[in-house]
Every structure is written in structure tokens, then in C-alpha cells.
């Protein structure tokens, strides 16, 4: 192994020799991957192709002991560290030029105790891994909507998806977590152990340590659920959106419905002549008896003249993967996001106006219905504070060629600014592509308490390559 130059916490660089690196490697169960290794380029890639960072070297951890060893080594050497789970972080902060990358992507175990209705999950597991293990017992964790998303990053930011209105956020089902803190200690946190750290871990991002396992409470779900999309033509979308807004006001908590404005993807139930045409998709899932779901969904079918209606019984795990083909890795992605307490008339006008000018065939605007169980928890009960919102909008700009960067990013920013007057000022931390100024908006009144916890557990900001909460000086 040749010498490696690594950025330091002090802002400089340090060269590590063969002897130091060889000793470090000898005590790992996993791998050390350096730029000369054939596996390096694959190991540094993440979901968002806009990120092309080159870490100094990668520690691909096989067990929690490897994480502890890597943190202690980096601390002793004064090295800059980033941490990667499954690699879906939109801002790409998990991979940084010249840093030591602690890679958790191989730690994908999911251990289910069906009797106790709990699961212990590794930090590199994807939502697909979790669904496969839990649905074998007819159980589930409320997570996100893309099966290749990592459970670690999703949970640390809060986590919401099809089950959130009925079962709460992902963090609302978190029982405990094992954390390697900045001083290299292994800490179990829960409501009764390091409760302040547990509070901060539920929504505060990767600011407080490296989580090496998550313990979740499981819920009875499926294995079949009433779910699927109803697709409407863009013409008349404004009226359908107004009907959707009114429907959501009376929607039962077991039903979650999202609105998506985009070009029609090549889904198997859509006629080829529809592909690429502007559409409004209302995608829904009912977490309860089939006949109840059919009845609850019925009013949405009367909102317009749909092109296609695929709402019906589907395996829950299958519906969790239904939109994976629209979110494959290798594309360039830039997101902007707002929280809303309602869908005002002015906001609906902007949604329709900008949906007609999407900058690429892969871009979309989605509006996720929130409320229900997510709002029955106090805003200061977890680090995630947005317990009063009814909708989250993600401006999901997605394209292929680097030459489109300027156009696509500019469009997203313009749309974001046009919808800002209708928003709360808050934002879901996992949807921040850029802008350190938005971190305070992600945490609102909880920010000062997060600073206190950060100062206690990471006073020197060892874990800083994230949506950073800086400790007090």
C-alpha cells in the first residue's frame, strides 16, 4: 500500500505511511480500499451522479467493531471523516474529496423477532432489505417510498412514506440505537439510556455519532394492501388538484395519497401513446381492510377523467418498489423542498404552471400527504419538529447530461422561490440539496437543544460532513 494524503480536521493535510495503514488494516474485519484498488470507483459512487468526490481512502466496515476502530483511528490521526450508509443522501455529504470515508453499506443485517414485533437493523440495510425480512411475518416499519434508500439516512432525518399517516414517522417506531460517538465509545441510546442522544438521533441527522444498529417496533401491515396510482391528463389537473386538496381534509388516517406532476413514465398499465405526456398521478395506499380501502379511495376516482386506474390489491413490499424504476442510480439530481400546512389556491396555480415547464423528462413535482399519526406527537418530543404540517413538496429535478446542470438547477430554484410565500419556512432535512442556512429551518425551535446535545457528545465537531449542527465554541 502506498502513502496516502488525507485532509485533517484542522484544515490541512496529513500523509499516512505504509506502516500506519498496514497496522490499521490488520485490525479490521472489513476492507481498506485505496484509489489504486479496482473496487475504489465503485465504492465511492453514490446515488446522485452529480457527486463525483474522491475520498483519500475508504474503510468498508463489516461489523460495529470496524466502525469503532475507524473512528478511534481517525480521531488519533486528526483526520477528516465522512460516513456513508446506502449512499442515497441527495447533497452527497457522505462522500468528500480527500477525507476518510467510513462505509457502512455492507452492514445490511435485519433480525426480526416476530413474537416481540421488533427488528434490529444494520446501518447499511436498504428499505427493500427491511421490507423483505419483516413482510415474511406480515410486519413492517413505516419507511420511505424507494426500496433502494438506506434505512440509516432515512431514519436519522425522520423518515416518512406510505404508512406515516397511520403509523407515524420512521423515528416514531425507533426503540433504541447503538452509536459510536466522537470519542470512540459505543453507546446504546433509548428513552431510558442516554435519552438526550436518543432524542437528537431521531431526526438530527448524522451529527452525533455513527449508528451501527437500529431497533424498531414493528406493526402489522399487509402482506397485501389496497394501493396504486390513478393517472389523469394534464388538462384539467388544476381542478383535480383542488379536489385532491378537499379530499385530503376528510381523508382517513389509514389512507395516504400523494400527488405527482410529471411526464408519464413507461409504466406497464399506460398505453404507449401516453408515455412522455404531461400527467397528474394520484398514488395511494390504504393500511387496512381491502373493502375499507376501496370505499375510502372511491371519491378520488370521481375527480376527473383518468387515463388509467391501477388502484387495487398489491403486495405491500411490491408497492414499496413500484417507483424504483424512476429513481435508479446514475442520474443527476437536484432537489428543493417546502413544508405546507395547506394547499392554497395560489400554490395550486404555481404547481400547474411550473409542471408545464419541467426541464427534463425525468423531473417531477411531488406533494406528499402528511398529518395523521405524524402530527399527534409533540414538536419537541423528537429532533424532527414538523408535527403541524399537512403536506411536503419535493421539487425533484432529475436529468442525464452534465450539460443540462445549469438549466435544471435554475428551474428548480425559480420554482422553489415562486412557492416560498405559501410555505411554513421549515424543510425536511433529507431533502436539502444545498444551503447550510436551511439547516436551522429543518429544526426550528429544536435547534438550540440540538446544539447542546452536539456540544456534549461532539464538542470538536468531529462529525461535520453532514447537514451540520455546529457545537458551541
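A protection proxy built from the mean count of other Cβ atoms within 10 Å ranks the segments 330-341, 447-458, 163-174, most packed first, as 163-174, 330-341, 447-458. How much FRET efficiency would the formula 1/(1 + (r/R0)^6) give for residue 379 and residue 3, where r is the Cβ-Cβ distance and R0 is 51 Å, rounded to 0.05? The formula returns an efficiency of 0.50 here.
Relative contact order of the stretch 53-144, taken over Cα pairs closer than 8 Å and 6 or more residues apart, is 27 percent. When each of the peptides 106-115, 48-57, 12-21 is scored by the mean number of other C-beta atoms lying within 10 Å of its residues, the order from highest to lowest reads 48-57, 106-115, 12-21. When you restrict to C-alpha pairs under 8 Å that are six or more residues apart and normalise by the size of the chain, the relative contact order lands at 15 percent.
Counting Cα-Cα pairs of the stretch 44-173 in 10 Å increments starting at 0 gives whole-percent bin shares of 13, 39, 31, 14, 2. Here the extension length gained between residue 97 and residue 440 equals 120.9 nm, from 0.36 nm per residue of separation less the Cα-Cα distance.
Counting only DSSP beta bridges with both residues in the chain, the antiparallel share comes to about 90 percent. Calculation over all alpha carbon pairs of the stretch 32-73 in 10 angstrom steps from 0 returns a P(r) of 27, 45, 27, 1 percent. Here the sum of -39500 (n - 2.57) over DSSP H runs of 4 or more residues, divided by the residues of the chain, equals -8000 deg cm²/dmol at 222 nm, to the nearest 500. The alpha carbons of the stretch 82-131 give a radius of gyration and a Dmax of 13.5, 46 Å, in that order.
For the pair the stretch 281-343 and the stretch 73-123, the centres of their Cα atoms are 29 angstrom apart. Dimensions of the chain from C-alpha coordinates, computed as largest minus smallest value along each principal axis and given longest first, are 70, 53, 40 Å. Take the alpha carbon gyration tensor of the stretch 52-104, find the square roots of its eigenvalues, order them as a ≥ b ≥ c, and report rounded if a/c is under 1.5; if not, report prolate when a/b exceeds b/c, else oblate. In terms of gyration-tensor shape, oblate. Computed from label points 7 Å out along Cα-Cβ, the spacing between residue 39 and residue 23 is 2.4 nm.
Legend: Rg and Dmax of the stretch 4-103, from Cα coordinates, 12.6, 36 Å.
If you bin all the Cα-Cα distances of the stretch 403-473 at 5 Å, starting from zero, the percentages per bin are 3, 14, 19, 21, 15, 10, 9, 7, 1. Taking packing as the residue-averaged number of other Cβ atoms within 10 angstrom, the listed peptides 149-155, 28-34 run from highest to lowest as 149-155, 28-34.
Spin-label model, residue 448/residue 10: points 7 Å from Cα along the beta carbon direction are separated by 3.5 nm. Taking every DSSP bridge with both residues inside the stretch 4-103, close to 50 percent are antiparallel.
Bear in mind that the values in this text are calculations on the coordinates, not laboratory data. Please read all numbers here as calculations on a predicted model, not as lab measurements. Glycine gets a Cβ as well: all are built from the backbone with ideal geometry, and neighbour counts include every protein chain shown.
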